[in-house]
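A short reminder: the numbers here are calculations on the coordinates, not readings from a lab. Quick caveat: nothing in here was measured; it's all calculated off a predicted structure. Here Cβ is always computed from backbone atoms with ideal geometry, including for glycine, and neighbour counts include all displayed protein chains.
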Amino acid sequence: MHSPGRRAAHLVGRWTPAVVTLGGVTAALIAYAWSAPTIAVVLLLATLLVSALSRPVIGNTPVTEPTSPVDPAAVRRYRQEHPGSTISEAVAAVSRG
């Protein structure tokens, strides 16, 4: 089992684009409410740029052809052997054999 600090760092790295996007939109709304539309536009443009250039939060799950059912124990074992892997990655790896 890996340490909680490593898992927390993984989660922070994974959710950073979403948090930055929400923070940028919130800051732009606050700036607009404080009668600073120029700053609001700059913040929105910066947020849009960061969102467009950062990696997606959800990821890119490949769609495969229907296969036989996958053994949940094998998926669990794969994820224990490969910390940080997603369920989709584990299912794909177990399905390949």
How much length is gained if the chain between Trp34 and Val19 is pulled fully straight, taking 0.36 nm per residue apart and subtracting their Cα-Cα distance, in nm to one decimal?
-> 3.2 nm
Ranked highest first by the average count of other Cβ atoms within 10 Å around their residues, in what order do 23-29, 35-41 fall?
-> 23-29, 35-41
Lys and Arg at +1, Asp and Glu at -1: add these up for the other residues within a Cβ distance under 14 Å of Val75 and post the number.
-> +1
